[in-house]
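Below is one structure, written out as structure tokens, with a few remarks after it.
The values are calculated or read from the model by the stated rules, or taken from the named source; none is laboratory data. Worth saying up front: this structure is predicted, and the values here are computed from it rather than measured. So basically every Cβ, Gly included, is an ideal-geometry build from the backbone, and we count neighbours across all protein chains shown. SASA here: full protein model, heavy atoms, side chains in, ligands and nucleic acids out. Shrake-Rupley method; radii C 1.70, N 1.55, O 1.52, S 1.80 Å.
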Amino acid sequence: MKTAQAPHRSAAAPPATPGPRPAGRAAAAPLRRRLSHQARAYGFLLGGLICFALFSWYPAIRAVIIAFQKYTPGSAPEWVGTANFTHVFDDPEFGAAWRNTLTFTLIALLIGFAVPFVMALVLNELRHAKAFFRVVVYLPVMIPPVVSALLWKWFYDPGAGLANEALRFLHLPTSNWTNGADTALLSLVIVATWANMGGTVLIYLAALQGIPGELYEAAELDGANIWQRVRHVTVPQTRFIILMLMLLQIIATMQVFTEPFVITGGGPENSTVTILYLIYKYAFLYNDFGGACALSVMLLIVLSLFSALYLRLTRTDD
């Protein structure tokens, strides 16, 4: 009797694997994910981009166009080429405004650069009440600029002003302050320095506290005095911050407006007329928007050079 034999079984074949995914489809999936992530990022940025476009980029582009037009409210603009620039160059106040602006910037660098650095050095050496003095130093920054200018206008009053009263108390000669052509610009520099140095002091203080203490200890062991420690340790360790703040201060001081507008009105004898104040006069006193925009373009070019230098120095390689 024959027994039934089991049918011959071949070796089990490996399970079938799906074929290779088309290259186009494989590359499209990560691309879609990247686009989805970028779309969400740009969606969050859209509000800020719209604000910049409406309130920053569009006015800047519009100002460049108006600089080459004869533009007065209520009339159609007329293309005049470089006539606005020629008219501005011929204005006697043009040279005075640039001279005052550059002088203001230079004096502000000498005073407004040294004073915050020295104050930061002093605050860095304090052992007690550091927080209190930081608040005191930063307090002027929290005062609105117009309020600060009005306070200093009363302070500089040649009659009952606190400045001359203090000089009389010390039996020293009084000064004309903002009423004298030779002292007005320096008086405004003092106001601007007092009002804006708080933030600079805190930035310097943060940089000083980042210097390793071992460097000062090594300098003391070598017999270095305070001046030598500042010169050979502090300044080299903070030179990048010093340079950055110097460039930012140049950009800011060349746009000074509040102090001349509120305290002196550009006087006496045009000794405090600055470029920004002259732009204001062309636009809102002379009703010459073409000339105002021409001046704005000139100032834009000058500030762009310093801004490009600042961006070049702060650029980091990816």
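Assess whether Arg99 counts as being modelled with pLDDT of 90 or more, open to solvent by 30 Å² or more (accessible area, probe 1.4 Å), over 21 Å from the mean Cα position of the chain (by Cα) and not hydrophobic (A, V, I, L, M, F, W, C). Lay out the reasoning, then the answer.
Values: modelled with pLDDT of 90 or more: yes; open to solvent by 30 Å² or more (accessible area, probe 1.4 Å): yes; over 21 Å from the mean Cα position of the chain (by Cα): yes; not hydrophobic (A, V, I, L, M, F, W, C): yes.
Here the answer is yes, as Arg99 does meet what is asked.
Candidates are the residues of the stretch 102-119 that are surrounded by fewer than 16 Cβ atoms within 10 Å (Cβ to Cβ) and closer than 19 Å to Gln209 by Cα; the one that is modelled with the highest pLDDT is Val118. Is it the case that some residue within the stretch 222-233 is modelled with pLDDT of 85 or more and acidic (Asp, Glu)? No, the stretch 222-233 has no match at all. Inspect all residues belonging to the stretch 201-211 and state whether any of them is among the small types (Gly, Ala, Ser), open to solvent by 50 Å² or more (accessible area, probe 1.4 Å) and more than 22 Å from the chain's Cα centre (by Cα). Within the stretch 201-211, one or more residues are among the small types (Gly, Ala, Ser), open to solvent by 50 Å² or more (accessible area, probe 1.4 Å) and more than 22 Å from the chain's Cα centre (by Cα).
Taking the numbered list (1) in contact with a Leu (Cβ under 7 Å, 6 or more places away or on another chain); (2) open to solvent by 20 Å² or more (accessible area, probe 1.4 Å) in turn, Asn225 passes all entries but (1).
Tell me whether the stretch 235-255 contains one or more residues that are open to solvent by less than 20 Å² (accessible area, probe 1.4 Å), under 30 Å from Pro158 (Cα atoms) and either in a loop (DSSP other than H, G, I, E, B) or touching a Lys or Arg at 6+ places or on another chain (Cβ under 7 Å) (or both). Yes: the stretch 235-255 contains one or more residues that are open to solvent by less than 20 Å² (accessible area, probe 1.4 Å), under 30 Å from Pro158 (Cα atoms) and either in a loop (DSSP other than H, G, I, E, B) or touching a Lys or Arg at 6+ places or on another chain (Cβ under 7 Å) (or both).
So, of the residues in the stretch 256-273 that are in a loop (DSSP other than H, G, I, E, B) and within 17 Å of Pro144 (Cα to Cα), which turns out to be least open to solvent (accessible area, probe 1.4 Å)? Break it down stepwise before answering.
Pass one, the stretch 256-273, residues in a loop (DSSP other than H, G, I, E, B): 256-257, 265-273.
Narrowing further to those that are within 17 Å of Pro144 (Cα to Cα): 256-257.
Details: Val256: 12, Phe257: 53 Å².
For the stretch 256-273, the residue satisfying everything is Val256.
For the structure I just gave you, tell me whether Arg33 is at pLDDT below 70 and either within 30 Å of the chain's Cα centre (by Cα) or part of a helix (DSSP H, G or I) (or both). Before you say what the answer is, go through the steps one by one.
Numbers: at pLDDT below 70: no; either within 30 Å of the chain's Cα centre (by Cα) or part of a helix (DSSP H, G or I) (or both): yes.
The answer is no for Arg33.
Pairing residues of the stretch 48-66 that are in contact (Cβ under 8 Å) with a residue 40 or more places away in the chain with residues that are surrounded by 11 or more Cβ atoms within 10 Å (Cβ to Cβ) and not in a helix (DSSP H, G or I), at Cβ distances under 8 Å and at least 6 apart in sequence or on separate chains, gives Ile66/Pro77.
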